[in-house]
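Accompanying notes for the structure given below.
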Amino acid sequence: MVGGGGDGEEAALEFTPTWIVAAVCSVIVLLSLVAERCLHYLGKTLKKKDQKPLFEALLKVKEELMLLGFISLLLTVFQGIIQRTCIPSGWTNHMLPCQRLDEKASEVGATKEHFVAAEVLGRIGRRLLSEGGAAAEHCQKKGKVPLLSLEAIHQLHIFIFVLAITHVIFSVTTMILGGAKIHQCKQWEDKIQKEAPGNGPKKVTHLHQLEFIRKRFKGIGKDSIILSWLHSFGKQFYGSVSKSDYTTMRLGFIMTHCPGNPKFDFHRYMVRVLEADFRKVVGISWYLWIFVVIFLLLNVNGWHAYFWIAFLPLLLLLAIGTKLEHIIAQLAQDVAEKHTAIEGDLVVKPSDDHFWFRRPRIVLYLIHFILFQNAFEIAFFFWILTTYGFNSCIMGQVHFIVPRLVIGVIIQLLCSYSTLPLYAIVTQMGTCYKKEIFNEHVQQGVLGWAQKVKMKGLKGAASIAESTNNADSAGPSVNIEMAKAGEDNEDVGNTRVIGQ
């Protein structure tokens, strides 16, 4: 029939009442405008509070939303082409997330269930045919089936949207919970700032009397190395960073990168670096989309791929936590192997040699993947729950579902309260500092100065500009005599960068 009143066809837009079209469009536009205005005012608030890293993270979220919109647009525009792409029906019998109803009925051997399954399949086929319209009929005439049905395309829309939103929510939650844990370091920093530097004679202290060495150094030898790794593995679950750890690593950073400013606010610098890293974590990189495709490919009936994949981020998270704790132990090891007693305060030497492949940045990429994969697991669960129901075959069996959810909660809590604070502090123990050591005004001033020098063609200008713009590509440490000017003073001329 031409109109939309029959049971076999749905009404096209030309036969839909105008008030329905106008009402639906109004609601969609209204919700979109409200969301856009909320993001806009949130951005203005962050700019007003001089939270540039968080503002850039918000821009990253907007980029992801735009990407989602573009993906949705492509799926909508090409849905006709996808449906007119016909494939042999035999190709659809392999690598299915669920066993077909007719196959299940034949295995059970129940004749009655077989007829019920056939009837259900017939209804589904008629419904998909009516939704697909001429495209599905086009493939049926050839004895084939469409590459993807309209219902599957619609559900794919929803899943991609749920995945991106869940990833953003999980990332924000991790930063909030981790920030609450890092706030404890602020109390230690304030206490250090209030203490006046000692002007008297320096006290000689045996290493075994120092809390940092006593808790972290496990001796010398093969057995002590194994004991150190085991201790590092367990330490990430309780008191991952103690006051003595923070104080020692803070002093090691200051004495290496800015010895002229013992009152350098290490906690403030650490938080600025963490905020800058957050805008990278909140996005979905291209390699993460590749993992999405791989995960969707492996979702085959009987493989229980999502159950086994759930252990991957957990194992990575435990490996990262153990490695970061072991780096602290290595800092203590380096001092204990060279000295039996020290004069004054204990100073450790930051070095990239302690990190995997001498690149502290690898830890950030792994945390990014862990948060995304955990969000994927949770998003997939809720998408299946709301779309097909808890008892759906694609959901899996209960004894496979519960461990996945428990693992997801463990990953979220462990990453927030242990791994993220460890990452924020320990990754500053690399050879190079990051540009967030300067405030925004000083960064712009130094970069502008380097650009002017470069334009004048002076030797070494290119390397100076590069080291200022990207701390990871900088040479060894840079001595900042007046780093405090990089935090509290907007006068760029008061900060002198010496040496390379």
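None of the figures in this text is laboratory data; all of them are computed from the coordinates on show. Here the structure is a predicted model, which is why all the values come from computation and not from measurement. So basically every Cβ, Gly included, is an ideal-geometry build from the backbone, and we count neighbours across all protein chains shown.
Suppose R0 equals 22 Å. What FRET efficiency, 1/(1 + (r/R0)^6) with r the Cβ-Cβ distance, do L364 and E63 give to the nearest 0.05?
So the FRET efficiency works out to roughly 0.75.
Over the alpha carbons of segment 291-440, what is the largest minus smallest coordinate on each principal axis, giving the biggest first in Å?
The Cα atoms of segment 291-440 stretch 68, 38, 25 Å along their principal axes.
Could you list Y246, Y238 in order of exposure, starting from the residue whose Cβ has the fewest other Cβ atoms within 10 Å?
Y238, Y246
Using the 10 angstrom Cβ neighbour count as an exposure proxy, how do T248, T85 rank, fewest first?
Lowest count first: T85, T248.
Determine, for each peptide in 60-73, 146-159, the mean count of other beta carbons within 10 angstrom over its residues, then list the peptides with the highest first.
Ranking, from highest mean packing down: 146-159, 60-73.
Going by how many other Cβ atoms sit within 10 Å of their own, how do H231, H257 line up, fewest first?
So the residues, fewest neighbours to most, are H231, H257.
State the percent of C-alpha pairs, over all pairs in segment 174-431, separated by a distance greater than 22 angstrom.
60
Give me the one-decimal nm value for the distance between modelled label points at I28 and V347, 7 Å along each residue's Cα-to-Cβ direction.
6.5
Give me the one-decimal nm value for the distance between modelled label points at Y41 and T387, 7 Å along each residue's Cα-to-Cβ direction.
Calculated label separation equals 3.4 nm.
Tell me the net charge near A305. Cut-off is 14 Å between Cβ atoms, A305 excluded, with +1 for each Lys or Arg and -1 for each Asp or Glu.
The answer is 0.
Amide H to amide H under 5 Å from V145: which residues, 5+ apart in sequence or cross-chain, H placed 1.01 Å off N in plane?
For V145, whose amide H was placed from the backbone, the distant partners under 5 Å are I87, S89.
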